[in-house]
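Encoded as C-alpha cells, the structure appears first; notes follow it.
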Amino acid sequence: MHEPRKLYVKSFGCQMNVYDSHRMADTLAREGFVETQDPAEADLVILNTCHIREKAAEKVYSELGRLRKQKQEAGSDTMIAVAGCVAQAEGAEIMRRAPVVDVVVGPQSYHRLPELLAEAKAGKRVVDTEFPAEDKFDHLPTPTRAATRSRGPAAFVTVQEGCDKFCTFCVVPYTRGAEVSRPVTKILDEAARLLDQGVREITLIGQNVNAFHGEGLDGKVWSLARLMERLAQMKGLARLRYTTSHPRDMGEDLIAAHRDLPQLMPYLHLPVQSGSDRILAAMNRKHGRDLFLSLIEKMRDARPDLALSSDFIVGFPGETDRDFEDTLDLVHEVGFASAYSFKYSSRPGTPAAEHEAQVAEEVKTERLAELQKLLEASKAAFDAACRGRTFDILLEKPGRQPGQLIGRSPYLQSVVVNDPPAGIGELLTVTITDVGPNSLAGVPAETPLSPALSRPLAAMEA
C-alpha cells in the first residue's frame, strides 16, 4: 500500500482564498493527498495568492525563493503550484521569475488541478489562467466529515465571485472576472452538508457579496437578504455572517435582515476606502461620504448593537492634506470596532497606476501611521466598552493554557475562557472580565442569553 502523498497549502489575502484553499485540498484528497502543516515534508506545495497590493505579490516571490532553496538543500522532488489572483494576473511572469514552479492555475480553474499536476509530472510546466465555460463548483468534491471538523465550527461558503465595480485601484475585475452568483439550491446544499458535519457558523463570502443575485428556489432572482432568510431556517445554524460588501449594494431588505434575523451577527464589514468625496470619485467608488454615513445611520437604527469594520486606502493619487483630514473626520464620526488600512500601491493595468499625481512615499507613510493610531484607539475604545457585557461566544479551539478554550464574540473578537462548561462547537454565554490588546477574557454567565442556540449540535438533532 502506497504512503499518502502530503499537501501543504499556504493562503495569502482574503477569506475567499481560505475557502478556495480548502476546496483545493478537498479536490486533491481524492488523488491521495493528505494535508500537512510542514512544507518541508510536502510532496506538493500550493501557494494560493492575493494580488490586491504590491507587497502581497512580492511575498509570493519571496516564498518561492525560500522553497527553491529548501528543495535544493533537501534534494527533494516536491512539486510547487501557484494559484489564486497573482497566478491569474502574472502567469507567464511567474514561470519566468521562478523556474521552481511546476503549475500556475487561476482562481476559476483550480478544479482542474489533478490533470494539471499530471501534465507537470510528465515534464511540462503548466499555466492555466483561462476563464472556463464550466462552473468550477460543479466539479468540486464534497469535503469529508473529518476535513470539515478539522477546520472548526465556523465555515466560509462562497456565494458570489467577481466584481463589476471597476474601482480605479483594484485588479479584482481582471483577476476574478465579472460578477457571478451561485444558484441558491447549490448554496443550500453546501450549507446543509456543513451543518450536518458540525458547523455552527457560516460566513457567506464574495468579492462583492451583497451584489448577490442568484437564481432562487422559485426560479426568480434572489437577493442576499432573501438567501440569508432561507439559510436562517436551517436546523443547526446558530450564526450567520457575510463579507465583503459594497456600499452601493446595501439594499433596504439587507438592512432589514439585520433587524429581523437573530442568527445574523451584529457586525458589518463595509469598506469606505476614503472620507473624501473628491478621492472617492477618483477611485470610481460610486458612492460618496454622505451615502456611506446615511447607510450607517440606517443600519444602526435597524440594529442598535451593530459594530462596524471598514477598509481605508491612504495616499491615493491626488490625495491632499484636506482629503486625508476628511478621512480622519469620518473615522471620528463613525467609530469603527476594527478596520484595515493600507498605503496605496500601484497595480499594473489599473487606471490609478497611470495617474500623474502620485503621493510621495514618505507622505503616505506618515498618513498611514496617523490613521492607524486613530483606528487603533477606536478599536480599543470598543473593546473596553465590552468589559462587563454578556454575550454568546462560539467556542472554536483550545487556548494556550490547559483547560482554556477560545471562542469568537458576535463582533469577531477572540475570547478566552478558562475551564468552560462546554466544548468546541458549542455556544456559551460569557461575561467579559478582561480586555487585552488582541483578545478578551470572560467567565461563564449564570443565565444563558439564547438557550435554544446554546445547545450542542447533537442535542439540536435529537
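The values are calculated or read from the model by the stated rules, or taken from the named source; none is laboratory data. Please read all numbers here as calculations on a predicted model, not as lab measurements. Positions of Cβ are generated from backbone atoms using ideal geometry, with glycine treated the same way; all protein chains shown enter the neighbour counts. For the accessible areas, the whole protein counts, side chains as well, though only heavy atoms, and no ligand, DNA or RNA atoms are used. Shrake-Rupley method; radii C 1.70, N 1.55, O 1.52, S 1.80 Å.
Values as computed for the structure displayed
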read-out	value
Some residue of segment 267-274 being open to solvent by less than 10 Å² (accessible area, probe 1.4 Å), within 22 Å of GLU361 (Cβ to Cβ) and either out of contact with any Phe, Trp or Tyr (no Cβ under 9 Å at 6 or more places or on another chain) or assigned to a loop (DSSP other than H, G, I, E, B) (or both)	yes
Residue in segment 235-247 that is surrounded by fewer than 19 Cβ atoms within 10 Å (Cβ to Cβ), part of a loop (DSSP other than H, G, I, E, B), over 17 Å from the mean Cα position of the chain (by Cα) and among the charged types (D, E, K, R) present	yes
Which numbered condition ASP321 misses (of (1) without any contact (Cβ under 8 Å) to a residue 40 or more places away in the chain; (2) among the acidic types (Asp, Glu); (3) crowded, with 21+ Cβ neighbours inside 10 Å)	(3)
Per-region count, segment 169-210, residues open to solvent by 20 Å² or more (accessible area, probe 1.4 Å), farther than 26 Å from LEU412 by Cβ and assigned to a loop (DSSP other than H, G, I, E, B)	2
Close pairs from segment 356-369: first modelled with pLDDT of 95 or more, partner part of a helix (DSSP H, G or I), Cβ under 8 Å, at least 6 apart	ARG367/PHE324
Meets criteria (modelled with pLDDT under 90 and either of a type in the set (Asp, Glu) or open to solvent by less than 40 Å² (accessible area, probe 1.4 Å) (or both)) for TYR110	yes
Among the residues listed as ALA337, ALA384, ALA380, the single one being surrounded by 15 or more Cβ atoms within 10 Å (Cβ to Cβ) and within 27 Å of the chain's Cα centre (by Cα)	ALA337
Some residue of segment 310-320 being more than 13 Å from LEU374 (Cα to Cα), hydrophobic (A, V, I, L, M, F, W, C) and touching a helix residue (DSSP H, G or I) at 6+ places or on another chain (Cβ under 6 Å)	yes
Qualifying position, being open to solvent by 70 Å² or more (accessible area, probe 1.4 Å), in a helix (DSSP H, G or I), of a type outside the set (Gly, Ala, Ser) and closer than 20 Å to PRO107 by Cβ, among GLU58, GLU73, GLU93	GLU58
One residue from GLY315, GLY335, GLY349 being of a type outside the set (Lys, Arg), on the phi > 0 side of the Ramachandran plot and touching a strand residue (DSSP E or B) at 6+ places or on another chain (Cβ under 7 Å)	GLY315
Criterion violated by LEU395 - all others in (1) open to solvent by 20 Å² or more (accessible area, probe 1.4 Å); (2) modelled with pLDDT of 95 or more satisfied	(1)
Segment 76-90, subset in a helix (DSSP H, G or I) and more than 19 Å from the chain's Cα centre (by Cα), residue surrounded by the fewest Cβ atoms within 10 Å (Cβ to Cβ)	ALA89
Only listed residue being at pLDDT below 95 and not β-branched (Val, Ile, Thr), chosen from GLY177, GLY219	GLY177
Pairs, first on the phi > 0 side of the Ramachandran plot in segment 188-203, second hydrophobic (A, V, I, L, M, F, W, C) and open to solvent by 20 Å² or more (accessible area, probe 1.4 Å), C-beta under 7 Å, six or more apart	GLY198/LEU457
Number of positions in segment 340-359 that are open to solvent by 60 Å² or more (accessible area, probe 1.4 Å) and closer than 30 Å to PRO266 by Cα	2
Those residues of segment 25-43 which are open to solvent by 70 Å² or more (accessible area, probe 1.4 Å) and among the charged types (D, E, K, R), in sequence order	ARG30, GLU31, GLU35, GLU41
